[in-house]
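Visitor: Once you've had a glance at the structure underneath, I'll fire off some questions.
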Amino acid sequence: MFVKKLGIITDLKGKRMNKIRIGDQLVGEGEPTFIIAEAGSNHDGKIEQVKKLIDIAADAGVDAVKFQAFKADKLFNTEETVQKLKKIEFKEDWYEEIFDYAHNKGIILLFSVFDEKTVDILSNYDMSAYKIASYELLHFPLLEEIIKKDKPIILSTGMANQLEVEKVINWINSKGNDQIMVMHCVSQYPAQIDDVNLKSITALKKYNLPVGFSDHTLGIYASIAAVAMGSNMIEKHFTISRSLEGPDHSYSLEPSELKEMVNGIRQVDKMLGVEEIVPSNYELNQRESRRAIYAKNDIKTGQVIEKDDLIILRPSPEGCLLPEEVDNIIGKMALKQIKKGDLLKKDLIK
């Protein structure tokens with residue numbers, strides 16, 4: 001069992017657990033993988049396209065859909081880039097309608113945030129967590145504004161080294177927020193297979209925080225492999241169609257691929273099991289199919305049993321002697337007659 005105190009998930013003894021809560025869902029070790037369908041700016045500045053993307057995400061069975069809430073003139077210092085990005089901004093007057101729309105679809109709505117004013121605006125809505133993009137990892141003024149909201153923070157770590165990751169985690173902790181999710185990420189679009197380095201997921205586990213993977217590779221294999229390696233969250237770009245114009249469409253999953261990825265992740269979730277060497281329930285019933293010790297020949301009462309009198313065969317019913325005991329049986333005396341093919345039992349030998 002667990003309790004939540006000041007946003008921190010602990011067990012009944014007060015020990016911190018590597019889990020956070022997003023909406024009504026726990027995210028972390030032992031929980032189903034939390035899947036974010038990253039719409040990014042693939043709405044192309046159209047509110048109806050925003051809704052279509054939410055429909056696709058909900059239909060695929062993901063846990064959350066995420067967009068990017070940036071103001072172009074607060075993001076870049078070059079006028080040409082600002083003008084291009086203004087066309088794909090998520091409009092401020094969309095928020096209320098889109099939060100309601102996502103709620104009615106039964107899906108959590110998340111945003112990557114890039115400036116303090118947007119953080120304040122979004123705090124008026126049902127924000128379950130705030131996402132920090134890799135390029136904003138060291139933007140401490142932005143992080144400080146988010147910390148004030150007492151919500152989980154999802155940190156992407158693209159381009160970062162270990163010291164920078166530790167610096168950010170420790171700084172957020174020092175400000176009183178322990179609700180952190182760390183995402184392995186490669187800031188390459190699309191990310192090349194040789195650069196993915198999924199073993200970083202294992203390295204991030206040492207911080208005793210939930211760990212995720214923000215996947216920019218083509219296809220679905222890296223996300224599924226990341227779950228098998230212990231990722232607690234997957235974030236993957238998707239689109240209505242890769243044929244659409246825009247900066248992110250070309251490396252995003254199409255609807256059928258998103259569904260396939262979700263299905264693959266849910267299957268891996270079931271496969272992971274527990275960190276113990278234990279037989280499955282089905283295997284417990286198969287243990288009798290192991291071998292046992294049988295009489296190879298007729299053995300008379302009082303006869304000393306030799307190796308040639310024994311044979312190891314299946315099955316191994318209850319009360320049998322297992323092959324590991326064969327050396328203990330050789331040289332023992334038969335207490336009664338044992339016919340060829342009979343199962344040897346302890347009460348037959350001395």
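Visitor: Tell me, yes or no, whether region 39-53 has at least one residue that is of a type outside the set (Asp, Glu), part of a helix (DSSP H, G or I), in contact with a Leu (Cβ under 7 Å, 6 or more places away or on another chain) and at pLDDT 95 or above.
Guide: Going residue by residue through region 39-53, those that are of a type outside the set (Asp, Glu) are 39-43, 45-47, 49-53.
Restricting the remaining residues to those that are part of a helix (DSSP H, G or I) gives 47, 49-53.
From what's left, in contact with a Leu (Cβ under 7 Å, 6 or more places away or on another chain): none.
No, region 39-53 has no match at all.
Visitor: Considering region 281-302 alone, what residues qualify as being over 20 Å from Glu325 (Cα atoms), part of a loop (DSSP other than H, G, I, E, B) and open to solvent by 100 Å² or more (accessible area, probe 1.4 Å)?
Guide: Asn285, Lys300
Visitor: Considering Leu322, Leu244, which residue is out of contact with any helix residue (DSSP H, G or I) (no Cβ under 6 Å at 6 or more places or on another chain), surrounded by fewer than 15 Cβ atoms within 10 Å (Cβ to Cβ) and closer than 30 Å to Lys52 by Cα?
Guide: Values: Leu322 fails: closer than 30 Å to Lys52 by Cα.
So the residue among Leu322, Leu244 that is out of contact with any helix residue (DSSP H, G or I) (no Cβ under 6 Å at 6 or more places or on another chain), surrounded by fewer than 15 Cβ atoms within 10 Å (Cβ to Cβ) and closer than 30 Å to Lys52 by Cα is Leu244.
Visitor: (1) surrounded by 14 or more Cβ atoms within 10 Å (Cβ to Cβ); (2) within 30 Å of Ile35 (Cα to Cα); (3) acidic (Asp, Glu): which one isn't true of Asp309, the others all being true?
Guide: Looking at each condition in turn, Asp309 falls short on (2).
Visitor: Right, another one. Going through Ser289, Ser223 one at a time, which residue ends up being in contact with a Lys or Arg (Cβ under 7 Å, 6 or more places away or on another chain), under 28 Å from Asn18 (Cβ atoms) and of a type in the set (Ser, Thr, Tyr)? Working first, answer last.
Guide: Details: Ser289 fails: under 28 Å from Asn18 (Cβ atoms).
Going through Ser289, Ser223 in turn, the sole match is Ser223.
Visitor: So Lys259 fits all but one of (1) within 30 Å of Val274 (Cβ to Cβ); (2) open to solvent by 60 Å² or more (accessible area, probe 1.4 Å); (3) in contact with a Ser or Thr (Cβ under 7 Å, 6 or more places away or on another chain); what number is the exception?
Guide: All conditions pass for Lys259, except number (3).
Visitor: If the requirement is being on the phi > 0 side of the Ramachandran plot and at pLDDT below 95, which of these qualifies: Gly106, Gly14, Gly23?
Guide: Numbers: Gly106 fails: at pLDDT below 95; Gly23 fails: at pLDDT below 95.
Exactly one of Gly106, Gly14, Gly23 is on the phi > 0 side of the Ramachandran plot and at pLDDT below 95, namely Gly14.
Visitor: For region 133-155, how many residues are closer than 13 Å to Asn177 by Cβ, touching a Phe, Trp or Tyr at 6+ places or on another chain (Cβ under 9 Å) and hydrophobic (A, V, I, L, M, F, W, C)?
Guide: 5
Visitor: Let me spell it out: the conditions are (1) in a helix (DSSP H, G or I); (2) open to solvent by 60 Å² or more (accessible area, probe 1.4 Å), and Leu85 meets all of them except one. Which number is the exception?
Guide: (2)
Visitor: Also, I was wondering about something else. Taking region 157-188 only, how many residues are surrounded by fewer than 16 Cβ atoms within 10 Å (Cβ to Cβ), assigned to a helix (DSSP H, G or I) and under 22 Å from the mean Cα position of the chain (by Cα)?
Guide: Looking only at that region, the number is 2.
Visitor: Contact list please: Cβ distance under 7 Å, first residue in region 201-215 and closer than 16 Å to Ile154 by Cβ, second residue open to solvent by 50 Å² or more (accessible area, probe 1.4 Å), pairs at least six apart or on different chains.
Guide: What qualifies is Ile201/Met229; Val211/Lys205.
The values are calculated or read from the model by the stated rules, or taken from the named source; none is laboratory data. As the structure is a computational prediction, the values presented were derived from the model and not from experiment. Backbone-built Cβ (ideal geometry, glycine too); neighbour counts: all protein chains shown. For accessibility, only protein heavy atoms count, side chains too; no ligands or nucleic acids. Shrake-Rupley method; radii C 1.70, N 1.55, O 1.52, S 1.80 Å.
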